[in-house]
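In what follows, a single structure is set out as structure tokens and then discussed.
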Amino acid sequence: MNSIEKGGKDYWTITPKRIAALEAAAGGGSSARTVPMELYNTVLHDPKMRDPRGYIIPSDQADFATATEFVNALLKTGITVLRATSAFQVAGKNYPTARTW
């Protein structure tokens with residue numbers, strides 16, 4: 001239940017580049033600690049910079065063996081991996097049905 005709840009929320013990873021962008025948006029003379037909260041929310045919480053909730057590993061890629069190793073590593077660390085049972089589209093890109101082994 002906690003995983004489902006967490007997956008439904010937005011998160012942003014704050015990096016030095018993101019802090020620099022915040023300071024630049026504040027006029028360059030401010031530190032990240034002194035910028036207005038509204039600017040903090042619009043720059044650091046820009047929806048385009050949100051952490052991903054998932055990744056798509058296409059089954060039709062050239063190096064299928066390495067992709068399989070990667071998926072196995074994810075599974076061993078407890079990460080949920082789902083297989084597409086039919087073709088789908090995300091952000092205008094088409095993905096095929098997952099390969100069978």
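For log10 I(q)/I(0) by the Debye sum over Cα atoms at q = 0.18, 0.20, 0.25 Å⁻¹, the choices are (i) -0.95, -1.04, -1.30; (ii) -0.85, -0.98, -1.25; (iii) -0.85, -1.02, -1.45; which was calculated from the structure?
(i)
Could you work out how much longer the chain between Tyr40 and Arg53 gets when fully extended? Use 0.36 nm per residue separation minus the Cα distance between them, nm to one decimal.
2.5 nm
Which angle between 0 and 90 degrees, to the nearest 10, do you get for helix 16-25 versus the longest principal axis of the chain when only C-alpha atoms count?
Tilt relative to the chain: about 40 degrees.
Going from most exposed to least, what order do Glu69, Glu23 have by accessible area with a 1.4 Å probe?
These residues rank, largest area first, as Glu69, Glu23.
So what's the angle, to the nearest 10 degrees on a 0 to 90 scale, between helix 64-76 and the longest Cα principal axis of the chain?
With rounding to tens, the tilt is 70 degrees.
So between Gln89 and Lys6, what do we pick up on full extension, going 0.36 nm a residue minus the alpha carbon distance?
In short, 27.5 nm is gained.
Ignoring ligands, DNA and RNA, what percent of the accessible area of the chain is carbon or sulfur (1.4 Å)?
57 percent
Can you give the net charge of the other residues whose Cβ lies under 12 Å from the Cβ of Met49, counting K and R as +1 and D and E as -1?
Computed value for this residue: +1.
The values are calculated or read from the model by the stated rules, or taken from the named source; none is laboratory data. Treat the numbers as computed from the prediction; the structure is a model and nothing was measured. Reconstructed Cβ throughout: ideal geometry from the backbone, glycine too, with neighbour counts over all protein chains shown. Note: accessible area is taken over every heavy atom of the protein model, side chains too, but ligands, DNA and RNA are not part of it. Shrake-Rupley method; radii C 1.70, N 1.55, O 1.52, S 1.80 Å.
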